[in-house]
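Participant: Pasting a structure below so you can have a look.
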Amino acid sequence: SLIGGVIAWMIVLAHQSRRTAMQESEHHVQKLMEEVIAHDVTGAELQKAKEAAESANAAKSRYLVSVSHEIRSPLNSIYGYAQLMERGHDIAPVEAAKIIRRSAEHLTNLVEGLLDISQVESGVLRISSETVRLAPFVDQIANMFRPQAQSKGIEFLFERPEKLPDFVRTDQKRLRQILINLLSNAIKFTRTGSVTFRVAYRSQMATFDIIDTGLGIAPDDLKRVFDPFERGSNPDAQRQKGIGLGLSITQALVQILGGDLSVVSETGKGTQFTVRLMLGHVANPIEDAPPVDRISGYVGERRKVLLIDDDPSQVAVLRGLLEPLDFTVMEALSGRAGLDIAARDAPDIVLLDISMPGESGWDISRALRETLGGKVRIIMVSANAHEYHRGGDGRAAHDMFLMKPVDLDALLDAIADQLHIRWTGDAPPPEAPTPDDLLLPDLPDDALPILADIEQKAIIGHVRGIESSIRALEQAVPQAQPLAARMLAHLDRFDLKGLIKIIRAVK
């Protein structure tokens, strides 16, 4: 019986051992299956990431090919004229300056597109809050594009309610950029039919619909229509001018303004983009002071400006701008030299570069603040878009940040804001009488829509578009060439008010 008990006990142990082994085996198999599934999932994710990276690289390659041509043409003009002038060739300086300026503006527009993308990705895009007259604002946008549509033989439909709030609050520049991008695309990609610009406003919410009967967007392209550098797969769309940043920037701007941008499209039948934005109604707006026509100085005691930049040409440009306006201008080509001047002469405001040998502009800014305290105003003026920090929040040493290339009017506005000064200026020149040969009866009806287009672009300050439309007027209406020459002369002086007065005189 003892032997039988031992045998039974051994049999039980064997069963338990076999059961344990089977359970451990099943557990190992289960773990192995889980690892295989995890590897499959990881592999699929890696494959998707690889395909996305390859797609992004292909898009960027297409972008670089396109932008290379866009850059080389104006750069060739600048480079060529610089060489001719350096060799002492007999070149009219005013004509050379015009071509160099226009080429530089073209390059600046390309750079600004990239800067917008960079600022959006880094979350530092600067947004303003302004009081805007809504009805005149949308009317100007519509009037700007109506002649463009008519010149292509397509109908332009503008729909808005009779009653809109008189004033709303938004970033006027960015909202204009959004609508211009969308309407430009709609007209560009529409061969026949119509483009509709529809505006609605209800309960503080503004809705802008841009509807066209153009090429449409394929379903696969619609998924990535807002991706940077994408231009879609439609050959007709790829043949159009552009580098694939417009819609990406537009979507980012809408989102930053707190709105929503959506799109529906059908290939061959057209596309509708819809922008929804909260535009708060302003009941009792405070009108901005009228701008000075031509700045010649400022009210009050003479102010001292310190320029700190290791590039002498940059310093020379700013000195040439500020000295004629009666500023005392001091300059330093290094941060350390700038600190020595500041300690000795106590400037009212410092315009400071970031990238300099030795100590960076950020180091110099902190040192200036420690030395002079809140008495000095500090504006960073730099091409380092990735280091953008608005400043003026009480924590940063600097008070403002402007990015190169700097618009000189924007720089003057910034200086006036920081120093609380009021500009003085020359009175506008008296309007010259209109010669008889520029009167409307001598111009055919074909000139009217082009003149209206030029006027609306001048109202909103679309400089490149103004020049393009004036050239179109010259080609379409040869007898309007004297008028075009006068308008170009005003444009070269950036005298948009004078240009508008000429157009209204002949209309």
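The values are calculated or read from the model by the stated rules, or taken from the named source; none is laboratory data. Keep in mind the model is a prediction, meaning the values are calculated, not measured. Note that each Cβ is placed from the backbone with ideal geometry, even for glycine, and that neighbours are counted across all protein chains shown.
Participant: Only residues that are surrounded by fewer than 19 Cβ atoms within 10 Å (Cβ to Cβ) and either more than 20 Å from ILE249 (Cα to Cα) or more than 22 Å from the chain's Cα centre (by Cα) (or both): list them for region 175-195, please.
Facilitator: ARG191, THR192, GLY193, SER194
Participant: Please state which of the following conditions SER313 fails to meet, knowing it meets all the rest: (1) of a type in the set (S, T, N, Q); (2) at pLDDT below 90; (3) not assigned by TED's automatic domain parsing to the domain that holds ILE415.
Facilitator: Among (1) of a type in the set (S, T, N, Q); (2) at pLDDT below 90; (3) not assigned by TED's automatic domain parsing to the domain that holds ILE415, the lone unmet condition for SER313 is (3).
Participant: On the given criteria, is GLU387 without any contact (Cβ under 8 Å) to a residue 24 or more places away in the chain and either surrounded by fewer than 19 Cβ atoms within 10 Å (Cβ to Cβ) or polar (S, T, N, Q) (or both)?
Facilitator: Judged against the criteria, GLU387 is not a match.
Participant: Of the residues ILE187, ILE180, which is assigned to a helix (DSSP H, G or I), under 19 Å from GLY258 (Cα atoms) and assigned by TED's automatic domain parsing to the domain that holds VAL225?
Facilitator: Step by step, each of ILE187, ILE180 is checked, and only ILE180 is assigned to a helix (DSSP H, G or I), under 19 Å from GLY258 (Cα atoms) and assigned by TED's automatic domain parsing to the domain that holds VAL225.
Participant: Just the residues that are farther than 21 Å from ASP407 by Cα and surrounded by 16 or more Cβ atoms within 10 Å (Cβ to Cβ), please, taken from region 337-358.
Facilitator: Scanning region 337-358 gives GLY338, LEU339, ILE341, ALA342, PRO347, ASP348, MET356.
Participant: Which one of PRO147, PRO165 is crowded, with 21+ Cβ neighbours inside 10 Å, over 21 Å from LEU253 (Cα atoms), touching a residue at least 60 places away in the same chain (Cβ under 8 Å) and in contact with a helix residue (DSSP H, G or I) (Cβ under 9 Å, 6 or more places away or on another chain)?
Facilitator: Just one listed residue meets the conditions, PRO147.
Listed here are the residues, each with its yes/no results for (1) hydrophobic (A, V, I, L, M, F, W, C); (2) buried (at least 17 other Cβ atoms within 10 Å of the Cβ); (3) assigned to a helix (DSSP H, G or I); (4) at pLDDT below 75.
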position	(1), (2), (3), (4)
THR424	no, no, no, no
ALA452	yes, yes, yes, no
ILE466	yes, yes, yes, no
ALA485	yes, no, yes, no
HIS490	no, yes, yes, no
PHE494	yes, no, no, yes
LYS497	no, no, yes, no
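Participant: Confirm whether LEU448 is assigned by TED's automatic domain parsing to the domain that holds ASP495 and either surrounded by 13 or more Cβ atoms within 10 Å (Cβ to Cβ) or modelled with pLDDT of 80 or more (or both).
Facilitator: Taking the combined requirement at face value, the residue satisfies it.
Participant: Then there is this: Pairs only if they're at least six apart or on different chains, beta carbon under 7 angstrom, first in region 67-78 and modelled with pLDDT under 70, second of a type in the set (Val, Ile, Thr); list them, first residue then second.
Facilitator: Taking only residues 6 or more apart or on different chains, the pairs are VAL67/ILE243; GLU70/ILE243.
Participant: Look at ARG302 and say whether it is touching a Phe, Trp or Tyr at 6+ places or on another chain (Cβ under 8 Å), more than 30 Å from ARG198 (Cα to Cα) and not in a strand (DSSP E or B).
Facilitator: When the stated conditions are applied, ARG302 passes them.
Participant: Right, here's the next one. What number of residues in region 114-144 are modelled with pLDDT of 85 or more and over 30 Å from HIS389 (Cβ atoms)?
Facilitator: Residues flagged as modelled with pLDDT of 85 or more and over 30 Å from HIS389 (Cβ atoms) within region 114-144 amount to 9.
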